[in-house]
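Just below is one structure, and these are the notes that go with it.
The values are calculated or read from the model by the stated rules, or taken from the named source; none is laboratory data. These figures come from a predicted structure and were not determined experimentally. Don't worry about glycine lacking a Cβ; one is built from the backbone with ideal geometry, like all the others, and counts go over all protein chains shown.
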Amino acid sequence: MNWTRQWTLIKYDFLLDFRHRFSIGSVLLYAVFSVFLCLIAYQDPELEAWNLLYWVLLSFSAVIWSINVYAKETSEHRLYYFQLLRPQELWLAKWVSGTIFLLLIALLLCLSLMALSYDPIIDWRRQLAAMGLSSLTLAAILSFTSAIGSLSDSPAVVSSIISLPLILPVLLLGQYLTGVAMDLRDPAAYNQYMMYLAAITVIASGGAMVLINFVWKN
Amino acid sequence: MIKWWKVVCIILLVYVHIAGLIVPLRQGVLSIDKLRCDAGEVCDISIKVYHGSYTDDEPIHAYLKFDTSYYLAASRVSAVSHNELQARFHIPDYLPSSAEAIYPSLLVSTDSDGAITLPRALSLAQGSETRQDLGAALWSKEGRPTLYAKEYLAFPYRNILVETLRCLYYHVPMWFAMMLLFGISAWQSLMILIKKDWHRSDRVYAMNAVGLVLGLLGIITGMVWAHNTWGKFWSWDIKQTTSAICLFMYAAYFFLYAGVRDEMQRVRLTSAYNLFCFSMMIPLLFLIPRMMDSLHPGNGGNPAFAQDDLDNTMRLVFYPAVIGYMLLSYWIADLYHRVIKLSREE
């Protein structure tokens, strides 16, 4: 693997994000909107509900983000990609930029929930670790399903329907991890759950790395 | 043309369904109406028995057994009905232990039916003034009774499980068969991607469809079983949750299949997604539930196929059931594959 090339590609992906800042911004706006909407109806959520809101909104924002991952370029541009790049390189660039962007969404959601209701988080170190690792996993899974979806006839529907079941395990573990950070769950199993999440990341990224070769063709 | 394995499949399944449903359960003690008795008092216990055939014609013996060597015989045991006994115990003034309370097992025995037991049936309490030596002498007065377990063809009796034990012959083989089909479909997908055997994609579709139906049946039979043993259809047990997630993943496969119109594109995308699902399913079904707290047998430290759960009589039905269900599911998937192929040719 050519690391300079990979680095250029990652930088290019951020540049592309910046050029399409309205599409990225729309996801951020969607996240804030949905927090606002939920809290209009439910102004003082309990801890359990706070945690639930956070994960539901994060997963939907992430899925909405994933629809547009590969759709930023025109079809001519895409043909150019097919000829120029190895699929793994493209996927890796999307993974890196996606992780950072999802972490941004996660932070934004957390902060806006805190601003509009209250601050339940006791252990920020654990909260940040959980958010970081789950963004990594979500980005690995979603950048793969989005590649599949973008090649189908209705990218939005297909990529959201195939990505939701695949990110369910991440939510299953993630709600526990942030639950620990707000003193809602038993902290004894925290490290073990982090390990499972890391294992899922390894499996998902390994699978995506191999399978993207077969997906990203034309 | 009938292949030999189809005949084997039919024979096995007929055998499994007849034997699995007809062979009776052993006798067992269902419950007793007392939770505790005190030392020195007369303790009348009403005992409910499962599959009992007790009458007053034959002498019935009942014992409270503590710590392998102390037996206390009931002074009088009478049969109220076939399945209900009334036993009277004279609890001695002292117990053979220095603890304030002991938890003896209850044994019921007749000469013709053998002995059955309820472990830790009730608690016997004595005051803080304990005399272990006196208690030991009082309890072992009559010596160790001769007990035996009757040998006959029956499935073991397990507390709480009782008749739901038979679920093992249907629920578990369904999951095994589903794993087989998903495994084959993952293999076919791999072949599609590596060797470009596009024609295998119908087979993948058929395997996944039948596998998903088996998984649904498995989860439904599991829910019915859980309702009778855990108390609820769905208790968010980790095994239930992860298997439901797996079914969602495979359900999404069909939406992906429907969402791509171009044939080549569809074969490639669905195969890649299918392999991805399979690789995610293995840790979800086999790794995570084993490590976490789960009520499901085989997970969270619970026994599954150990001696305690699967005795030799059950093995006689369980192993044929696994093979029979695997063959049947493969057969159905094969037929469905041919149906798809025919409808494509028309």
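A few comments on the model shown:
- Of the residues making up region A:117-163, those that are touching a Phe, Trp or Tyr at 6+ places or on another chain (Cβ under 9 Å) and among the charged types (D, E, K, R) number 1.
- Of all residues assigned to region A:196-218, at least one qualifies as being closer than 30 Å to A:Pro87 by Cα, outside any helix (DSSP H, G or I) and at the interface with another protein chain (Cβ under 9 Å from one of its Cβ atoms).
- Test: residue in region B:250-261 that is crowded, with 18+ Cβ neighbours inside 10 Å, within 27 Å of B:Leu13 (Cβ to Cβ) and within 12 Å of chain A (Cβ to nearest Cβ): yes
- Criterion: over 21 Å from A:Val180 (Cα atoms), surrounded by fewer than 16 Cβ atoms within 10 Å (Cβ to Cβ) and in contact with a helix residue (DSSP H, G or I) (Cβ under 6 Å, 6 or more places away or on another chain) - qualifying residue of A:Leu116, A:Leu79, A:Leu142, A:Leu84: A:Leu116
- Every residue from region B:229-242 that is part of a helix (DSSP H, G or I), without any contact (Cβ under 8 Å) to a residue 60 or more places away in the chain and either hydrophobic (A, V, I, L, M, F, W, C) or more than 9 Å from chain A (Cβ to nearest Cβ) (or both): B:Gln240
- Subset of region B:8-62 that is closer than 25 Å to B:Thr146 by Cα and among the basic types (Lys, Arg) - its residue that is modelled with the highest pLDDT: B:Lys48
For (1) out of contact with any Lys or Arg (no Cβ under 8 Å at 6 or more places or on another chain); (2) modelled with pLDDT of 90 or more, each residue gets a yes or a no:
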| residue | (1), (2) |
| --- | --- |
| A:Gln175 | yes, yes |
| A:Val180 | no, yes |
| A:Ala189 | yes, no |
| A:Met195 | yes, yes |
| A:Ile200 | yes, yes |
| A:Ile203 | yes, yes |
| A:Ala208 | yes, yes |
| A:Leu211 | yes, yes |
| A:Trp216 | yes, no |
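- Only listed residue being at negative phi and outside any helix (DSSP H, G or I), chosen from B:Lys48, B:Lys6: B:Lys48
- Given (1) touching a residue at least 24 places away in the same chain (Cβ under 8 Å); (2) assigned to a loop (DSSP other than H, G, I, E, B), number of the condition A:Ser152 does not satisfy: (1)
- Filter pass, A:Met114 being more than 14 Å from chain B (Cβ to nearest Cβ), in a helix (DSSP H, G or I) and without any contact (Cβ under 8 Å) to a residue 24 or more places away in the chain: yes
- Single unsatisfied condition, B:Ala87 versus (1) crowded, with 20+ Cβ neighbours inside 10 Å; (2) farther than 16 Å from B:Ala149 by Cα; (3) at pLDDT below 90: (3)
Okay, residues lined up against (1) in contact with a Phe, Trp or Tyr (Cβ under 7 Å, 6 or more places away or on another chain); (2) within 30 Å of B:Ile102 (Cα to Cα):
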site	(1), (2)
B:Trp4	no, no
B:Val7	no, no
B:Arg26	yes, yes
B:Val29	no, yes
B:Arg36	no, yes
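- When region B:243-276 is filtered for residues that are touching a Phe, Trp or Tyr at 6+ places or on another chain (Cβ under 7 Å), without any contact (Cβ under 8 Å) to a residue 60 or more places away in the chain and farther than 21 Å from A:Val202 by Cα, the ones remaining, listed by number, are B:Tyr253, B:Leu256, B:Tyr257.
- Test for A:Ile122: is it touching a residue at least 60 places away in the same chain (Cβ under 8 Å) and either among the β-branched types (Val, Ile, Thr) or crowded, with 24+ Cβ neighbours inside 10 Å (or both): yes
- A:Leu184 vs. criteria within 20 Å of A:Leu107 (Cβ to Cβ), surrounded by fewer than 22 Cβ atoms within 10 Å (Cβ to Cβ) and either of a type in the set (Asp, Glu) or more than 10 Å from chain B (Cβ to nearest Cβ) (or both): yes
- Complete set of residues in region B:279-292 that are more than 9 Å from every other protein chain (Cβ to nearest Cβ) and touching a residue at least 40 places away in the same chain (Cβ under 8 Å): B:Met281, B:Leu285, B:Pro289
- From B:Leu138, B:Leu153, B:Leu147, B:Leu216, residue being closer than 26 Å to B:Lys34 by Cα, surrounded by fewer than 20 Cβ atoms within 10 Å (Cβ to Cβ) and under 31 Å from the mean Cα position of the chain (by Cα): B:Leu147
- Residue within region B:169-181 that is modelled with pLDDT under 85, surrounded by fewer than 21 Cβ atoms within 10 Å (Cβ to Cβ) and either in a loop (DSSP other than H, G, I, E, B) or of a type in the set (Ser, Thr, Tyr) (or both) present: no
- Screening the candidates A:Leu184, A:Leu138 for the property of being touching a Pro at 6+ places or on another chain (Cβ under 9 Å) and in contact (Cβ under 8 Å) with a residue 60 or more places away in the chain yields one hit, A:Leu184.
- Residue within region A:4-15 that is modelled with pLDDT of 85 or more and within 20 Å of A:Ala106 (Cα to Cα) present: yes
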